[in-house]
Every structure is written in C-alpha cells, then in structure tokens.
Amino acid sequence: MSNELYERAVVVAERAYAPYSNYLVGAAVRARDGRVFEGVNVENAAYPLGVCAERTTFSRAISEGYRPGDFVVAAITASPCGGCRQWLAEMGVERVLFRNGGRIVEMTPDELLPEQFDAGELGA
Ligand SMILES: [Zn+2]
C-alpha cells in the first residue's frame, strides 16, 4: 500500500514546475479516510519563493477541509528538507516514505526532526 503511494508520487513528479533546477519532486499523502492528495514542487524566478512538493500537497488537503492528524502516510520522491520536516510533524502524519541515496527510507516525523518546534511553545 505504501509502495503504491510512492509510485503515485513518482508519477505526479512529472508535473513539477522546476524550470530553474530541473529537480522534479512529487509527494503523495494518504488521509485516514483513504483519500490521497498529490503535489509537486513549484519554483519561481525569485528562487526563495519556490514551494516544496510536501507543502503543496498538504496545502491542497487543508484547503479541502482536512486537518493535522487526518494523515497516515506521506510518500516523497526526495528526502524532505528541514522546513518540510517541520510541516510533516505539524500535520501529524504517522510515517514518511522517501527516496534517499537511491534507496527508499521509512521514518516517523519524530525521527526526521527530533525536538521539533511545537505549537505548545506559542503559549496559546
Ligand atoms: Zn521542503
């Protein structure tokens, strides 16, 4: 089941908008109700404005009414960057599957980002 999700990430990666780096990344996230969201990296000529595949994927899901804790597994065709590790933790996904160094790795958000920033620190 997770391999199927990873394959979806590979397929969707072809739709990435990455004219500057030519580094195409795809992500697919499965929600608890079985729905799958897909996303790609979207670059911009003003480089820092580019958005990672993980963030476009979760942004789509949140826009559809899903919330942190609604997600089971995320599959990504590249190792998530530091910022996306924080996103994966906040979204409460249980497992993260990604390609790194030619192999597929599976980790939890806690393993990907120990001692992560937590909303509890905001004092809200
Ligand atoms: Zn990222």
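Side notes on the structure shown:
- Helix-only mean residue ellipticity at 222 nm for the chain, each DSSP H run of n ≥ 4 adding -39500 (n - 2.57), per residue, nearest 500: -8500 deg cm²/dmol
- Karplus-derived 3J(HN,Hα), 6.51/-1.76/1.60, for each residue of the stretch 6-16, Hz, glycine and proline x: 4, 4, 5, 5, 5, 5, 5, 4, 4, 8, 4
- Using a Gaussian network model of the chain in which every pair of alpha carbons under 10 angstrom is joined by a spring, one finds that among V40, V51, V96 the greatest mean-square fluctuation is at V51.
- Along its three principal directions, the equivalent ellipsoid of the chain from the Cα gyration tensor extends over semi-axes of 21, 17, 15 Å, largest first.
- For the stretch 9-73, the convex hull drawn through the C-alpha positions has a volume of 81 cubic angstrom per residue.
- Taking label points 7 Å from Cα along the Cα-to-Cβ direction, V105 and E4 give a separation of 2.7 nm.
- Most simply put, the chain has about 75% antiparallel DSSP beta bridges, counting only bridges with both residues inside it.
- The value of relative contact order for the chain, using C-alpha pairs under 8 Å at least six residues apart, is 20 percent.
- Charge context of R85, other residues only, Cβ under 13 angstrom, K/R +1, D/E -1: -4
- Computed from backbone phi with θ = phi - 60° and the Karplus coefficients 6.51, -1.76 and 1.60, the 3J(HN,Hα) list for the stretch 25-41 is 10, x, 9, 9, 10, 9, 8, 4, 7, x, 5, 10, 10, 10, x, 9, 6 Hz; x is used for glycine and proline.
- Most mobile of G34, G102, G26 in a GNM of the chain (Cα contacts under 10 Å): G102
- Each Lys and Arg adds +1 at its Cβ and each Asp and Glu adds -1 at its Cβ; summed about the Cα centre, the stretch 8-85 shows a dipole of about 180 debye.
Rule-based calculations on the coordinates, nothing more; no lab input. As the structure is a prediction and not an experimental result, all values here were calculated from the model. Here the Cβ is made from the backbone with ideal geometry for all residues, glycine too, and neighbour counts use every protein chain on show.
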